[in-house]
Structures are given as structure tokens and as C-alpha cells.
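The values are calculated or read from the model by the stated rules, or taken from the named source; none is laboratory data. Since this is a predicted model, take the numbers as computed values, not measurements. Here Cβ is always computed from backbone atoms with ideal geometry, including for glycine, and neighbour counts include all displayed protein chains. Heavy atoms of the whole protein, side chains included, go into the accessibility calculation; ligands, DNA and RNA do not. Shrake-Rupley method; radii C 1.70, N 1.55, O 1.52, S 1.80 Å.
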Amino acid sequence: MIRSILVPVVFALGLAACGGGKETKSSADPAVVAEAKQVWDTRCVACHGPQGMGNGLNAASLKTKPRSFKDQNWQKETPDDRIKKVIVEGGAAVGLSVEMAPNADLAGKPAVVEELLAMIRGFV
Ligand code: HEC
């Protein structure tokens, strides 16, 4: 009896432990991956740079320089939800610079936002 209760509990704990890591998995849908990459290349690279190092062509003229996404501490300390909020609602939504503009059209495309998050997580 005790055993039959313990086994599922231990199993559930094991699953929770596995799910606790950073979500860096890419969306399986190639169309979503392609769209996210296109958004990144056409909108984000100008400021954030192709590798997310904050050195895009427009970065020099910004008042607030975008950080490098390769910053390990930032990666560790910044929750997924905050990154997704900044992308959709803009920097001002979380107290960052308004130079990080909102991308309101992505509000209806959570899979694309998720993939942009995965790309940002992948820059380390
Ligand atoms: C006009 C330049 C510009 C463009 C275009 C731009 N960003 Fe930004 N972004 C910034 C700046 C500047 C900051 C830093 C704001 C701050 O630290 O106050 C920022 C911050 C961010 C952050 C938060 C980083 C942190 O410090 O927590 C994320 C995530 C982000 N941008 C993602 C994106 C994505 C994804 C795109 C494309 C859809 C994009 N940005 C387009 C300028 C830009």
C-alpha cells in the first residue's frame, strides 16, 4: 500500500526536477522557427546585433545600450516571462528604456515569441 503511493510521488518529483531547468527548447514547427528568425533578422538585429551582443548598427545611437544576451548572470537572473513581456510590450512595461519598442503584433503569436525567447536563451 505504502509502496503504491510512494512510487507515483517519487516519479512526479523526478519529473519536476527535470522540468526545473532553463527552457531552451526550440519550437518543433519549422514555420514558427522561420518566422521568429525573420522577426529577429528584420527587427531586432539592428539594435541587438546578429549574435545578441548589443552591437547592432543602430546601437551606437541609442541612449541606453542593449546588454549582451551572452551575459551569464543576466541569463540566470531574468525569468522567461519578463523577456517575453519586453518583446511584446516593450522595455517601458518592465521599467526599461522606451527605446526597446513594443512588438504588439506578436501578442497574438505566442509560439513566435516563445521561439524568440529560445533564440535569446541560445545566444550564451
Ligand atoms: C531600436 C533598437 C531596438 C530594437 C529594434 C529592439 N530592441 Fe530590444 N532593447 C533595446 C534596448 C536599448 C534595450 C535595453 C533597455 C534597457 O536596458 O533599459 C533592449 C532590451 C531588450 C530586452 C531586455 C533585456 C534586458 O535587459 O532585460 C529584450 C529581451 C529585447 N530587447 C529583445 C528584443 C527583441 C526580441 C527585438 C526584436 C523583436 C528587439 N529587442 C528589438 C533596443 C532595441
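At-a-glance table
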{"item": "Accessible surface, 1.4 Å probe, highest first, among residues Thr78, Thr42", "result": "Thr42, Thr78"}
{"item": "Chain lengthening between Leu62 and Asp105 when straightened (0.36 nm per residue, less Cα-Cα)", "result": "13.2 nm"}
{"item": "Among 79-86, 110-117, 28-35, 96-103, the order from most to least packed when residues are scored by Cβ within 10 Å on average", "result": "110-117, 96-103, 79-86, 28-35"}
{"item": "Sequence-separation-based contact order of segment 56-115, relative, with Cα cut under 8 Å and 6+ spacing, percent", "result": "24"}
{"item": "Prolate/oblate/rounded call for segment 79-124, Cα gyration tensor, a/c under 1.5 rounded", "result": "oblate"}
{"item": "Kirkwood Rh and Cα Rg combined as Rg/Rh, segment 29-122", "result": "0.93"}
{"item": "From phi via Karplus (6.51, -1.76, 1.60), per-residue ³J(HN,Hα) for segment 64-74 in Hz, x at Gly/Pro", "result": "9, 7, x, 6, 7, 6, 7, 5, 4, 5, 4"}
{"item": "³J(HN,Hα), Karplus 6.51/-1.76/1.60, whole Hz, each residue of segment 116-121, x for Gly, Pro", "result": "4, 4, 4, 5, 5, 5"}
